[in-house]
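Colleague: Structure incoming, see below.
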Amino acid sequence: MKATRRISLWSFLVGIFLPTALVAQTENSPYVFKMLRQEDVVKSAQEETTKTLYKTLKYIPFRQEGYASFGGSYRTQFEFFDSQNFELGATDGWWLNRLMLHGHFRFGKKWQLFGEMVSSTIQSKTNLSPVDLDELAVNQAFIRYDNGPFTLLLGRENLRYGSQRIIAPREGPNVRRTFDSASAIWHRAGLKLE
């Protein structure tokens, strides 16, 4: 229990000081953030003249047309239930915390390597479910090859399809859903076959 408290306190403190809140996404921002971090667009950050630690971590050029990008996100929420299980006066509440840190490497226009770690913790809940707690896990780790309309992907990733009722990263609960897969994708003019 003490280890869980230490991890939760650490993730809470990192979340407070994580500089992602300092950069707002506006129309003029060189960054485009998506729900899935591997879809973020940071390459236009290379044109920025003023460099901060945050901007340096979001775009680190190497080789010809290659770059690395590092980032993370922190989410905390409080859940509270009044008259739980239809018992008058039965109240219960707990804190859910999730810290995700990632590294995205692009080697030219064709190869990508992406990795993301996650720590999902909870305090004050006694009856845990599988979607509440995962102290440290690999959320995503994959390699991707793009060649024109063809894409090959191998590894673990968060997926989103359609209305996200069946295949989705499950953003609501504390622990995200991951999929281990090998994918061959063909896309052209609004059509995508996977």
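The values are calculated or read from the model by the stated rules, or taken from the named source; none is laboratory data. Fair warning: this is a prediction, and the values are worked out from it, not measured in the lab. No Cβ is skipped: glycine too gets one built from the backbone with ideal geometry, and neighbour counts run over all protein chains shown. All accessible areas refer to the heavy atoms of the entire protein, side chains included, with ligands and DNA or RNA removed. Shrake-Rupley method; radii C 1.70, N 1.55, O 1.52, S 1.80 Å.
Colleague: Does D92 meet the test of being touching a residue at least 24 places away in the same chain (Cβ under 8 Å), among the acidic types (D, E) and open to solvent by 20 Å² or more (accessible area, probe 1.4 Å)?
Modeller: yes
Colleague: Moving to a separate point now. State the number of residues belonging to region 49-75 that are touching a helix residue (DSSP H, G or I) at 6+ places or on another chain (Cβ under 7 Å), basic (K, R) and farther than 30 Å from L96 by Cβ.
Modeller: Going through region 49-75 one residue at a time, the tally reaches 1.
Colleague: Just checking, how many residues over region 36-62 are at pLDDT below 70 and part of a loop (DSSP other than H, G, I, E, B)?
Modeller: Total satisfying the criteria: 2.
Colleague: Same structure, new question: Of the residues that sit in region 84-120 and are in a strand (DSSP E or B) and among the polar types (S, T, N, Q), which one is nearest to K58 (Cα to Cα)?
Modeller: Ranking the qualifying residues of region 84-120, first place goes to Q112.
Colleague: Taking interchain pairs and intrachain pairs at least six residues apart, which have beta carbon atoms under 8 angstrom, with the first residue in region 166-192 and more than 19 Å from E135 (Cα to Cα) and the second among the basic types (K, R) and loosely packed, with under 14 Cβ neighbours inside 10 Å?
Modeller: Once the first residue is more than 19 Å from E135 (Cα to Cα) and sits in region 166-192, its partners that are among the basic types (K, R) and loosely packed, with under 14 Cβ neighbours inside 10 Å give I185/K192; W186/K192.
Colleague: Could I ask something else about it? Can you tell me which residues in region 65-83 are open to solvent by 60 Å² or more (accessible area, probe 1.4 Å) and without any contact (Cβ under 8 Å) to a residue 12 or more places away in the chain?
Modeller: Hit for region 65-83 is D82, nothing else.
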